[in-house]
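The values are calculated or read from the model by the stated rules, or taken from the named source; none is laboratory data. A quick note: this is a predicted structure, and the numbers were derived from the prediction, not measured. Here Cβ is always computed from backbone atoms with ideal geometry, including for glycine, and neighbour counts include all displayed protein chains. The area values use the complete protein model at the heavy-atom level, side chains included, leaving out ligands, DNA and RNA. Shrake-Rupley method; radii C 1.70, N 1.55, O 1.52, S 1.80 Å.
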Amino acid sequence: MTSPDGRDGPCIFCEIVAGRAAAHRVYEDDRTIAFLDLFPITRGHVLVVPKRHVDRLTDLRDEEYGDLFRALAKVCRMTERLSMDYNVAVNQGALAGQIVFHLHFHIIPRYDTAGPFATTPRTRIRAEEAQTVLRSLGDVPS
Ligand code: AMP
Ligand code: ZN
């Protein structure tokens with residue numbers, strides 16, 4: 001699908017859902033997918049994404065919230081194998097920092113005491129590092 005704000009080109013997260021773009025998949029069910037952020041803020045930064053393209057949290061249908069939240073909680077449990085401290089965040093709208101206009105939750109593990117507002121440069125994750133992170137996240141909990 002094209003971006004709802006009128007920019008041309010396919011939505012990168014729809015491309016990942018369709019299997020036409022690569023991603024390091026962490027979790028998948030009928031309605032939700034989760035994969036590693038390509039430019040992680042910290043090790044294990046994951047995006048949890050509804051498969052149906054919506055821009056905003058408020059665009060979901062009533063019956064979709066439960067499935068998405070259950071999937072989010074499962075991926076949070078996986079994240080807890082890395083760290084019990086993490087941020088779950090939605091950037092909603094350009095002024096809030098949204099750059100991909102397909103709804104997604106960030107799960108950002110925290111490891112140090114510098115706090116969530118300490119910034120470090122973000123670099124593209126390497127394939128070997130991604131594999132190590134996927135192993136650390138482990139199996140999907142039931
Ligand atoms: P947001 O600022 O909330 O829209 O965040 C979008 C996130 O998507 C950023 O953290 C990007 O690093 C991440 N991202 C963009 N393209 C991809 C991709 N192809 N695979 C995984 N993550 C991506
Ligand atoms: Zn999309």
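On the given criteria, is ILE108 within 11 Å of ligand 1 (Cβ to nearest atom), open to solvent by less than 30 Å² (accessible area, probe 1.4 Å) and assigned to a helix (DSSP H, G or I)? No, not satisfied.
Residues of the stretch 59-79 that are outside any loop (DSSP other than H, G, I, E, B), within 16 Å of ligand 2 (Cβ to nearest atom) and farther than 16 Å from ALA34 by Cβ: ASP59 alone. In the set PHE39, PHE35, PHE101, PHE13, only one residue is of a type in the set (Phe, Trp, Tyr), closer than 25 Å to SER142 by Cβ and either within 16 Å of ligand 2 (Cβ to nearest atom) or within 14 Å of the chain's Cα centre (by Cα) (or both); that residue is PHE35. Residues in the stretch 14-29 that are within 12 Å of ligand 1 (Cβ to nearest atom) and either open to solvent by 50 Å² or more (accessible area, probe 1.4 Å) or farther than 25 Å from THR120 by Cα (or both): CYS14, GLU15, ILE16, VAL17, ARG20, ALA21, ALA22, ARG25.
For the stretch 58-73, the count of residues that are acidic (Asp, Glu), under 24 Å from ASP139 (Cβ atoms), within 11 Å of ligand 1 (Cβ to nearest atom) and surrounded by 13 or more Cβ atoms within 10 Å (Cβ to Cβ) is zero.
Selection over the stretch 30-57 of residues that are open to solvent by 30 Å² or more (accessible area, probe 1.4 Å) and of a type in the set (A, V, I, L, M) gives a count of 3.
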